[in-house]
């Protein structure tokens, strides 16, 4: 055994401090290891985007499968139901409407939010279109169905749980003149929007293709009633 | 040799029972300070074995080494120089040197 001839007490004293530091450092190192490191966050966000990509591929598959089964049972009634539900792409006369944020700069002291498109503005436009007899509407390629939401998601707009940034392109099928008049009427939606410099452009078209709803239907709480609805 | 070991055990148990942790930002400095202290203790053991031990030199060396090491790393961080690795290398080298010398004394007895 190593014989210490001098300084036993001093070394012992220092060893107390050293031991204390060792224990504290050990615990700190363990804490660091158990907390979420930055790399993990990056890893997770990467995995999220990958999963989103997978989801899109699967959605496409669902859509394609639905198309093929639809070809077999093409009776008039089921066709109508499908068109109403929005699961088939439809074509007809209508409008294409492009809405973009205001180019005008907000004056100092003014709320810049006034010059941006909000969900309310979009909802007003869509509501007006439905009222004017629109038969199918899509926003940036997302078909509006019964459960579609139009909602602000930060600076973007969420439609069918997919986010879009301006400009927004609305495709609508219906009687073009009626649709246009409904939006352009005096004191109507477009006049209000243009007051704030929001750019709205309408184009009447002979052929408008409104895509089908690509998502899946999920009913967690709703169950059909057997002899209901008749 | 027994007394330092007892001291070490007391220190470790104190550290375990004290619910004290270093914030993550300062963990780097703590680890350098710890390395410096380890170096000092091994240096002290070596000096004790060589019978050249000086109480004042040892005690002051222990504390100033640890504080200076942490301080230098802190300054280095401010200047954008990674003195952390330099300190690790320097103290690590010295610890292993001291260990080798202590081992030789250990074997001679």
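Computed from the coordinates by the stated procedures, all read-outs in this text should not be read as laboratory data. For clarity, every value in this text was computed on a predicted model and none was experimentally measured. In this analysis, Cβ positions are derived from the backbone assuming ideal geometry, glycine residues included, and neighbour counts consider all displayed protein chains.
Among the residues of B:59-66, the average count of other protein chain beta-carbon atoms within 10 Å of the residue beta-carbon is 2.
With a ≥ b ≥ c taken as the square roots of the eigenvalues of the C-alpha gyration tensor of the range A:15-137, please select rounded if a/c is under 1.5 and otherwise prolate if a/b is larger than b/c or oblate if it is not? List each step's numbers first, then the result.
Numbers: a/c = 5.12, a/b = 1.77, b/c = 2.89.
Cα axes put the range A:15-137 in the oblate bin.
Given a Förster radius of 22 Å and the C-beta distance between residue A:226 and residue A:79 as r, what FRET efficiency does 1/(1 + (r/R0)^6) yield to the nearest 0.05? Walk me through the numbers on the way to the answer.
On the way: r = 25 Å, r/R0 = 1.13.
The pair residue A:226/residue A:79 has a calculated efficiency of 0.35.
Projected onto its three principal axes, the C-alpha set of the protein assembly as shown covers 106, 57, 32 Å, listed from the longest axis down.
Sorting A:88-97, A:46-55, A:186-195 by average packing, meaning the other beta carbons within 10 Å per residue, from highest down gives A:88-97, A:186-195, A:46-55. Dividing the summed helix terms, -39500 (n - 2.57) for each DSSP H run of n ≥ 4, by the number of residues in the protein assembly as shown produces a 222 nm estimate of -19500 deg cm²/dmol to the nearest 500. Taking every C-alpha pair closer than 8 Å and separated by at least 6 residues, the mean separation divided by the residue count of chain B gives a relative contact order of 33 percent. Contact order, relative form, for the range A:90-210: 47 percent (alpha carbon pairs under 8 Å, 6 or more residues apart, mean separation divided by residue count). Mind telling me which of B:64, B:21, B:56 comes out most flexible in a GNM of chain B, alpha-carbon contacts under 10 Å? Maximum fluctuation in the GNM of chain B, among the listed residues, is at B:21. Among B:102-108, A:81-87, the peptide with the highest mean count of other Cβ atoms within 10 Å heads the list, and the full ranking is A:81-87, B:102-108.
Axis angle, to the nearest 10 degrees, between helix B:27-50 and the longest C-alpha principal axis of chain B: 20 degrees. Shielding by partners for peptide B:14-21, expressed as the average number of C-beta atoms from other protein chains within 10 Å of each residue's C-beta, is 6.
Translational diffusion coefficient, Stokes-Einstein: compute it for the range A:90-210 using the Kirkwood radius over C-alpha pairs as Rh, at 20 °C and 1.002 mPa s, and state it as an integer in µm² s⁻¹. Display every interim value, and only then the final one.
On the way: Rh = 14.6 Å.
It diffuses with D of about 147 µm²/s by this estimate.
The spacing between the range A:80-110 and the range B:20-37, judged by their C-alpha centroids, is 59 Å.
What average count of beta carbons from other chains do you get within 10 Å of the Cβ of residues in B:45-58?
On the way: counts 5, 1, 4, 9, 5, 2, 5, 1, 7, 3, 5, 1, 2, 6.
Counting Cβ atoms of other protein chains within 10 Å of each residue's Cβ and averaging gives 4.
Tilt of helix A:119-131 relative to the longest C-alpha principal axis of chain A, in degrees (0 to 90, nearest 10)? Value to nearest ten degrees: 30.
Cβ neighbours within 10 Å, averaged per peptide: list A:214-227, A:170-183, A:18-31, A:111-124 in order, most packed at the top. Display every interim value, and only then the final one.
Values: A:214-227: 8.9, A:170-183: 20.0, A:18-31: 18.4, A:111-124: 14.8.
Those peptides, ordered most packed to least, come out A:170-183, A:18-31, A:111-124, A:214-227.
Once you have a ≥ b ≥ c as the square roots of the Cα gyration tensor eigenvalues for the range B:51-109, tell me rounded if a/c is under 1.5, and otherwise prolate or oblate according to whether a/b is larger than b/c. The shape class here is oblate.
Kirkwood hydrodynamic radius of chain B from all distinct Cα pairs, in Å? Could you put the intermediate results ahead of the total?
Numbers: mean 1/r = 0.0656 Å⁻¹.
Answer for chain B: a Kirkwood hydrodynamic radius of 15.3 Å.
To the nearest ten degrees, helix A:38-72 and the longest principal axis of the Cα atoms of chain A are 30 degrees apart. Using C-alpha pairs below 8 Å separated by at least 6 residues, the relative contact order for chain A is 27 percent.
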